[in-house]
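Rule-based calculations on the coordinates, nothing more; no lab input. Fair warning: this is a prediction, and the values are worked out from it, not measured in the lab. FYI the Cβ positions are ideal-geometry reconstructions off the backbone, even for glycines, and counts take in every protein chain you see.
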Amino acid sequence: GPGATSTPTGPRSSEQQAAAFRESRNRHRYLNSLFPRENSTAIYGINQFSYLFPEEFKAIYLRTKTSRFPRYSPEVSMLISNMS
Amino acid sequence: LPSRFDWRDKHVVTQVRNQHACGGCWAFSVVGAVESAYAIKGKPLEDLSVQQVIDCSYNNYGCNGGSTFNALNWLNETQVKLVRDSEYPFKERNGLCHYFSDSHAGFSIKGYSAHDFSNQEDKMAKALLTFGPLVGIVDAVSWQDYLGGIIQHHCSSGEANHAIIITGFDKTGTTPYWIVRNSWGSSWGVDGYAHVKMGSNICGIADFVSAVFV
């Protein structure tokens, strides 16, 4: 469709996967290093997506389109309550 | 508002599903909200067909992407009845739309709302309690590496690109957070869920929020 980006198709070489994995590991170290002592903050690490480059991950999994939603307001709240 | 609330505790949220390499998270989130809306109304909780939405929803692109707003609009305008997942199972790719007769059992919606709750996450929590799990769209670029904990950094509200379902919130700790169901399988994140800090529109979680009425 319009706006569709290229989706990685076909087998990926082991070199490519290894390179993506190395990049992921570096990213994890960076993300986890910034707020190490903040309790309960998110932890980043190896998972099923670690073998993908960010642009590949986005091309496959992050494909939701958005349009502007109207602001929520008390009047809307009343309207919705009546409707529901 | 309670300090903690999760529709899963009411047994009205279906199990986490896996979209695999199909960009159909928009369909998973809308179908998940419809499943919960009917369960809240007292119907049995069951998986409904995501593939039906991927194949049949106009103004969307199936596994190549889509919009939760267009999917809700399609459900509402056509009054199509979602059939059970077992009758129209997920295939991880686009397919031709299967049509069912009017007499076929299914679940339609009566309406929906779609609003920007940014800077009003307290009202968003109230809407969650009132209407059931909410469909949301977030910027999930950093979720590629997420393992657990509360997402409060590295997640801007710039470019929303991934649809999820918000099933609850937890304010009992020092950092209140939304409880967010994803569609990347139950091994991802916290049993398939993510925890996103409340109050700062982290990941843009309050920008594109929809509720389903049945």
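Computed about its Cα centre, the charge dipole of the protein assembly as shown is approximately 260 debye, with only Lys, Arg, Asp and Glu carrying charge at their Cβ.
Take each residue of peptide B:184-191, count the partner chain Cβ atoms within 10 Å of its Cβ, and average: the result is 2.
Here A:Lys65 is the anchor, and the aspartates and glutamates within straight C-alpha reach of less than 18 Å, apart from those fewer than 8 places off in the same chain, are A:Glu55, A:Glu56, B:Asp55, B:Asp116, B:Asp139, B:Glu159, B:Asp207. Under 23 Å of direct C-alpha separation, and excluding same-chain neighbours fewer than eight residues apart, B:Lys41 reaches these lysines: B:Lys10, B:Lys81, B:Lys110, B:Lys123, B:Lys126.
Counting partner chain Cβ atoms within 10 Å of every residue's Cβ in B:63-72, what's the average?
Working: counts 3, 7, 10, 4, 4, 5, 6, 2, 0, 0.
Across the residues of B:63-72, the mean count of other-chain Cβ atoms within 10 Å is 4.
Applying a 4.7 Å Cβ-Cβ cutoff to the protein assembly as shown, the cysteines left without a disulfide-compatible partner are B:Cys25. Taking the number of Cβ atoms within 10 Å of each Cβ as an exposure proxy, the fewest-first ranking of B:His11, B:His20, B:His154, B:His98 is B:His11, B:His98, B:His20, B:His154.
The angle between the Cα long axis of helix B:68-78 and the main principal axis of chain B comes to about 30°, on a 0 to 90 degree scale.
Counting every other Cβ atom within 10 Å of each residue's Cβ, B:Cys56, B:Cys25 order from fewest to most as B:Cys56, B:Cys25.
This ranking places B:Trp188, B:Trp143, B:Trp26 by how few other beta-carbon atoms lie within 10 Å of each, fewest first, which gives B:Trp188, B:Trp143, B:Trp26. Inter-chain neighbour count for B:111-117: the average number of beta-carbon atoms from partner chains within 10 Å of each residue's beta-carbon is 5.
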